[in-house]
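What follows is calculated from the coordinates using simple rules that are stated; it is not laboratory data. All of these numbers come straight from a predicted model, not from anything done at the bench. All Cβ positions, glycine included, derive from the backbone under ideal geometry; neighbour counts span all protein chains shown.
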Amino acid sequence: MLLMLYIVLGTMLMYFIHLMLPKVLTSKINKDFSNLKQLIDDNPNVPNHVLRIHSATENLKESLPIFFACAVLSIVIGVNSVPYALAWVVLRIIYLACYAYKLNPYRSLAWLGSIVCLILMALNLVI
């Protein structure tokens, strides 16, 4: 179960990088790291890939609580969900790259795979 704890901590790091990446990429335009959403709405000079990374981050926010709930419950109950959790993290990283570079069919497959991993993690808890 120690490996699952490392996956959870690594996911927290991945989420932090997700949140900071658009701000770092727009640091030349936005020196004070103010509200990124407002910068995207107000400034037409924001690169398209930054907008896409921001959208991928918003998408991650929707599935992250489910992942954390399943991961923490698997640690507490003692269920081995490491393969599903690791696959979820890898697929979310692939999703970010595919979203940023407009690889649409692969982006959808990575998203679908990550959802399947969440379902398998949840089923693993009850079966």
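What percent do you get for the relative contact order of region 7-127 when only Cα pairs under 8 Å and 6+ apart count?
On the way: 96 pairs, mean separation 31.7, N = 121.
Normalised by residue count, the contact order of region 7-127 is 26 percent.
What length, rounded to one decimal in nm, is gained on full extension from Ile77 through to Ser55, with 0.36 nm per residue of separation minus their alpha-carbon distance?
On the way: separation 22, 0.36 × 22 = 7.92 nm, distance 3.39 nm.
Separation in residues times 0.36 nm, less the Cα-Cα distance, equals 4.5 nm.
Which residue, Trp111, Val46, Tyr84, has the largest displacement toward the positive end of the dipole of the chain when charges sit on each Cβ (Lys, Arg +1; Asp, Glu -1)?
Val46
Hey, could you get me the Stokes-Einstein D for the chain, Kirkwood radius over alpha-carbon pairs, 4 °C and 1.567 mPa s, rounded to whole µm² s⁻¹? Kindly include the intermediate steps, with their values, before the conclusion.
Numbers: Rh = 15.5 Å.
After rounding, the answer is 83 µm²/s.
Taking 0.36 nm per intervening residue step and subtracting the Cα-Cα distance, what contour gain separates Met20 from Ile119 on full extension?
Working: separation 99, 0.36 × 99 = 35.64 nm, distance 2.83 nm.
That pair, Met20 and Ile119, stretches by 32.8 nm at full extension.
Ranked highest first by average number of other Cβ atoms within 10 Å, how do 115-126, 43-54 line up? Working shown, then result.
Numbers: 115-126: 16.2, 43-54: 14.5.
Highest mean packing first, the order is 115-126, 43-54.
For the chain, what is the charge dipole size about the Cα centre, in debye to the nearest 20, if Lys and Arg each add +1 at the Cβ and Asp and Glu each add -1 at the Cβ? Kindly include the intermediate steps, with their values, before the conclusion.
Working: 9 positive and 5 negative charges, 52 e Å.
In debye, rounded to 20, the chain gives about 240.
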